[in-house]
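A quick write-up on the structure given underneath.
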Amino acid sequence: MIGALVLASVLQQAPKAYVENPEAPAEEGVHFQAALEVGGQALPSGSGANGMDVFGVVAPRLAVRGGDEFQFELGAPLRLRLFDQDPLQTEQDYGGRLRREDWDERSDFGQILRWLRIGRDDGHYQLRAGDFSTYTLGAGWLVNRYNNRISPDYHPAGANFTAYLGPTRVEVFASDVLATRLFAGEFRLDLGRVLSDKDTAFDRFLLSVDVAHDFGKGGGTTPSLSAASLGLQAGVLKNEKVQLWLQAAAGARADTLIESVPDYGAAFGVVVRGRPKEMLDITGRLEARRQGGRFRFGFFGAGYEFARFSGIGLHEQPLAEEVLPGTFSGYGEVAAMVSRGGPEDLELTASASGEYFVSTGRVDADAVLQAHLPGGKTVGELRVILTDLTGKPRYTGALEVRHRFVPALYGIVTGGMELFPQADGRLLQGYTGGLGIGVDFER
């Protein structure tokens, strides 16, 4: 990835499905891996009401890896209700046991596809499908750090396709391939390759057009939303240790242009990437923004699957209808990766973002930490999303830790704070926790 897109590439590391087996064969040829996880999980009774229901969870998985250009993984958790607390849910479940909310719409069958990858990262095309936890389109002016499976009752399979043709790059994204939900795309032109034949001008001056539209039909029905942006990125410093990019963008709501509300914005910022040591890669972004009305940059962000029901808080206006006073804001983002490269070495991937709105004092933030501890036996992931901390706050968080005890046996601990969208647009808050074990083999 070129400099201005490095931040996105660091944030989009594919999550490990389970703790790597230190005795697994090397990544050559075609390999198969099968796993079965069983355990228990507590979820709020009645999708967020007081009280907890207890489920037994069975999760079979099958993964196939074909070198650097092909990989897929299938499998889905089956949550069987063991203890039903008022309000009673058993009569609604399939067969009186299988949790209905996990399989009550077409999109939920997308969870069977956990991950699909076709093509190399440095190739002319790449296709990715499945779970997207921190997806960023281009420089992130519209779709930034988006999570398509953050809602506990909605389990879509998304898809992302990227192609390079001469000086152009085209990227398209669908958050849910089985429903009419969020679709986005970017067309990017390398002006250096068009205007010059010198290598020093290549990948330094980039013009991009982004568009995004959410039909709002999937995982609950919400108002539709369209937005577009035009951006320019210039690499003013590029060497082996440091890259410095300047970038500017203008954006607007594409579905409210004829209305009187000024639904547009402008931004200017800088992206810096540094590799002070071979094992450390760190990227930072700072941006000043002018936005207001029904438009803001990073519309489709980390908590968008909740914001589309309630922009802030738990029962407010949907984000598509929320009017923001004309204001300036400051946005910052940082991503870092620490890795020695060995399968048993420490590996850390961390990223965080935050935005402060000057006139209202609103603060939004989110952070992700993935850790692969020395020895290769323990991996963990923590995700926290904070919305409107100084006004009507909303919080979500999820933690998962996996530890391998012996080559074919590992344990799993999960926990978090969940939000459950309701038919009337409200968000009900609850907690979840789980404990399980898994067995796997590879050949």
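For region 356-371, putting each phi into the Karplus relation 6.51 cos²θ - 1.76 cosθ + 1.60 with θ = phi - 60° gives couplings of 10, 9, 5, 6, 9, x, 5, 10, 10, 7, 7, 8, 9, 9, 10, 10 Hz, in residue order, rounded to whole numbers and with x for Gly and Pro. Across all directions, the average projected area of the convex hull around the alpha carbons of region 157-308 is 11.2 nm².
Computed over the chain, the per-residue total of -39500 (n - 2.57) for DSSP H runs of n ≥ 4 gives a 222 nm mean residue ellipticity of -500 deg cm²/dmol, rounded to 500. Note on the chain: dipole from Cβ charges, positive end direction compared against V30, G185, A234; the farthest Cα belongs to A234.
What is the dipole size for region 3-442, taken about its Cα centre, with +1 at each Lys and Arg Cβ and -1 at each Asp and Glu Cβ, in debye to the nearest 20? Numbers along the way, then the final one.
Values: 43 positive and 56 negative charges, 168 e Å.
In total the dipole reaches around 800 debye.
Take the Cα radius of gyration of the chain and divide it by 2.2 N^0.38 Å, N being the number of residues; the result is 0.99. The simple Förster model, with R0 at 22 Å and r as the Cβ-Cβ distance, assigns V413 and V58 a FRET efficiency of 0.80.
Assuming 0.36 nm per residue, please report the length gained on full extension of the stretch R97 to L36 beyond their Cα-Cα distance.
Values: separation 61, 0.36 × 61 = 21.96 nm, distance 1.96 nm.
Answer, rounded to one decimal: 20.0 nm.
For region 313-319, backbone phi angles converted through the Karplus equation (6.51, -1.76, 1.60; θ = phi - 60°) give residue-by-residue couplings of x, 10, 7, 10, 5, x, 4 Hz, Gly and Pro being listed as x.
So between I112 and L435, what do we pick up on full extension, going 0.36 nm a residue minus the alpha carbon distance? Provide the component values of the computation, followed by the final result.
Numbers: separation 323, 0.36 × 323 = 116.28 nm, distance 2.12 nm.
Extra length from I112 to L435 when fully extended: 114.2 nm.
Close amide H pairs (under 5 Å, H built 1.01 Å from N) link G298 with L142, residues at least 5 positions away or on another chain. Projecting the Cα positions of Q370, G342, A266 onto the charge dipole of region 3-442 (unit charges on Cβ atoms of Lys, Arg, Asp and Glu, taken about the Cα centre) puts A266 furthest along the positive direction.
Taking amide H as placed 1.01 Å from N in the peptide plane, T378 has its amide H under 5 Å from the amide H of L373, R404, each at least 5 places away in sequence or on another chain. In this structure the amide hydrogen of R362, modeled in the peptide plane, comes within under 5 Å of the amide hydrogens of F357, none closer than 5 places in sequence on its chain. Pull up the cross-link candidates among the lysines for K277, meaning alpha carbon to alpha carbon under 19 Å and not fewer than 8 places away within one chain. Qualifying lysines at Cα under 19 Å: K238, K241.
For region 138-159 and region 377-412, what is the separation of their Cα centres, given in Å? Here the answer is 17 Å between Cα centres.
By the Stokes-Einstein formula, at 1.002 mPa s and 20 °C, region 29-118 with its Kirkwood radius over alpha-carbon pairs has D equal to 146 µm²/s. Within a straight-line Cα-Cα reach of under 13 Å, K392 can be paired with the following aspartates and glutamates, leaving aside sequence neighbours fewer than 8 residues apart in one chain: E316, D364.
For the pair V358 and L244, a Förster radius of 25 Å applied to the C-beta separation gives a FRET efficiency near 0.45, rounded to the nearest 0.05.
Look at where the Cα atoms of region 325-340 and of region 174-231 average out, and the two centres are 20 Å apart. Spin-label model, L78/A423: points 7 Å from Cα along the beta carbon direction are separated by 2.8 nm.
Hey, what's the Cα Rg ratio for region 90-182 versus the globular rule of thumb, 2.2 N^0.38 Å? Present the calculation step by step, with values, prior to reporting the outcome.
Details: Rg = 16.0 Å, N = 93, 2.2 N^0.38 = 12.3 Å.
That works out to 1.30 for region 90-182.
For the chain, the residue among N147, L116, P167 whose Cα projects farthest onto the positive side of the dipole built from Cβ charges is P167. Working note: Karplus 6.51/-1.76/1.60 with θ = phi - 60° gives region 54-61 the couplings 10, 10, x, 10, 10, 9, x, 9 Hz, where Gly and Pro are set to x. A simple packing score, the average count of other Cβ atoms within 10 Å per residue, orders the peptides 63-72, 286-295, 315-324, 110-119 as 286-295, 110-119, 315-324, 63-72, with the highest score first.
Values quoted throughout were computed directly from the atomic coordinates according to the rules given, and no laboratory measurement underlies them. On a predicted model such as this, the values are computed, not experimentally measured, just so you know. Quick reminder, even Gly has a Cβ in these numbers, built from the backbone with ideal geometry, and neighbours come from all protein chains shown.
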